[in-house]
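Read-outs: derived from the displayed coordinates by stated rules, not from any lab. Predicted model, so just to flag it, every value in this text is computed and none were measured. Here the Cβ positions follow ideal geometry from the backbone for every residue, glycine too, while neighbour counts run over all protein chains shown.
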Amino acid sequence: MDISLVIPLLNEDESLPELTSWIEKVMAEHSYSYEVIFVDDGSTDNSWKVIQQLRAKNPHIKGIKFQRNYGKSAGLNVGFAAAQGDVVITMDADLQDSPDEIPELRRLIVEDGYHLVSGWKRKRYDNRLTKNLPSKLFNAAARRMSKINLHDFNCGLKSYDKKVVKSIEVYGEMHRYIPVLSKWAGFNKIGEKVVEHRARKYGVSKFGWERFVNGFLDLLSIFFMGKFGKRPMHFFGLWGTIFFLIGFAFSLYLIISKLINFEYGITNRPGFFIALTAIIIGVQLFLAGFLGELISRNSTGRNNYLIEEKEGL
Ligand code: UDP
Ligand code: MG
């Protein structure tokens with residue numbers, strides 16, 4: 001199979017028919033063998049019904065329905081696991097991504113040998129202050145931290161070599177930083193293609209202000225994981241040990257000086273207070289690192305979502 005399209009969606013019933021016929025048109029023009037995997041991420045509108053109707057007319061249309069809303073990352077992850085095509089292309093369901101980009105996105109993988117090609121919405125029609133500016137800052141920070149030269153990490157339109165999607169696990173809110181996951185897995189030929197940003201035609205955006213909180217937390221986590229090889233222990237553990245040793249050495253000094261010379265001895269209360277504080281901070285940091293280590297080792301609970309129904313898979 002040439003192409004698997006993976007499309008996560010939450011309450012997009014109005015867009016789906018138009019999106020599907022556009023995709024069908026592009027696929028027919030290039031005679032691609034393909035599948036479209038719609039992942040219904042807990043929609044409460046008619047999205048699943050619409051997907052079933054679309055499948056009745058075209059067996060290339062497939063669907064997975066989550067029991068509830070688990071987020072876009074979970075949707076992509078389950079779509080990646082199901083995809084059979086040699087090239088996997090993701091796009092948003094809201095008609096903001098154009099299916100006309102599919103052939104070139106595929107060509108860059110198949111002919112130019114990229115592992116991942118990310119869309120770059122150079123020209124945006126979003127609000128400058130609330131969306132464009134923060135997204136510029138995020139991308140600049142992500143570029144610095146990951147050393148991946150992309151302008152638009154979060155663009156929903158991306159194409160992948162099949163090997164990549166079968167090797168990475170998109171968990172939490174990491175859909176914003178999939179190129180980073182790809183690089184960590186060793187797939188570092190990452191390219192970029194300018195794509196059209198279209199205005200949302202139906203429905204509303206599903207990400208509110210909390211996108212910035214989540215985006216920021218993910219940025220911190222890619223920073224720590226990238227720098228310390230997924231080992232928070234190495235960062236916190238190091239500083240914890242340093243604080244602990246300073247506190248320990250200082251109290252030892254105070255005790256010895258008491259034994260030798262009573263003037264600077266145990267009566268030096270501020271000194272002992274500082275030493276004790278350093279020891280406590282050290283132990284706390286060490287424990288923080290240890291907890292981080294436990295969590296990062298125990299990946300259960302990352303992607304344990306329930307699938308309510310499937311179509312064609
Ligand atoms: N989406 C999803 N689960 C969610 C939130 C969003 O599957 O919890 C889908 C949504 O239906 C759309 C894509 O992710 O297909 C991008 O979301 P949206 O268009 O709301 O984001 P924006 O374009 O405003 O960044
Ligand atoms: Mg959108």
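Numerical summary
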| item | result |
| --- | --- |
| Degrees, to the nearest 10: 269-297 long Cα axis against longest axis of the chain | 30 |
| Cα long-axis angle, helix 232-260 against the chain (0 to 90 degrees, to the nearest 10) | 10 |
| Within segment 41-70, backbone nitrogen closer than 18 Å to the virtual label 7 Å beyond the Cα of residue 21 toward Cβ | 50-61 |
| Check: the chain dipole with +1 on Lys, Arg Cβ and -1 on Asp, Glu Cβ, in debye | 1040 |
| For the chain, calculated [θ]222 nm from helices alone, where every DSSP H run of n ≥ 4 adds -39500 (n - 2.57) | -15500 deg cm²/dmol |
| Using a Förster distance of 41 Å, the FRET efficiency for residue 2-residue 212 (Cβ separation, nearest 0.05) | 0.65 |
| Exposure proxy order (Cβ contacts within 10 Å, fewest to most) of 48, 239, 209 | 209, 239, 48 |
| Percent of alpha-carbon pairs separated by more than 22 Å within segment 1-141 | 42 |
| Chain lengthening between residue 110 and residue 122 when straightened (0.36 nm per residue, less Cα-Cα) | 1.9 nm |
| Spin-label zone in segment 135-168 - amide nitrogen under 14 Å from a point set 7 Å from the Cα of residue 185 along the C-beta vector | 159-168 |
| Pairwise FRET efficiency - residue 284 versus residue 260, Cβ, R0 = 25 Å, nearest 0.05 | 0.20 |
| Debye equation applied to the C-alpha atoms of the chain, log10 I(q)/I(0) at 0.08, 0.12, 0.14, 0.15 Å⁻¹ | -0.45, -0.82, -1.05, -1.19 |
| Packing-based order for 91-102, 23-34, using average beta carbon neighbours within 10 Å, highest first | 91-102, 23-34 |
| Computed over segment 232-296, Kirkwood Rh from alpha-carbon pairs, angstrom | 12.4 |
| Residue exposure sequence - 133, 259 - by fewest surrounding Cβ within 10 Å | 259, 133 |
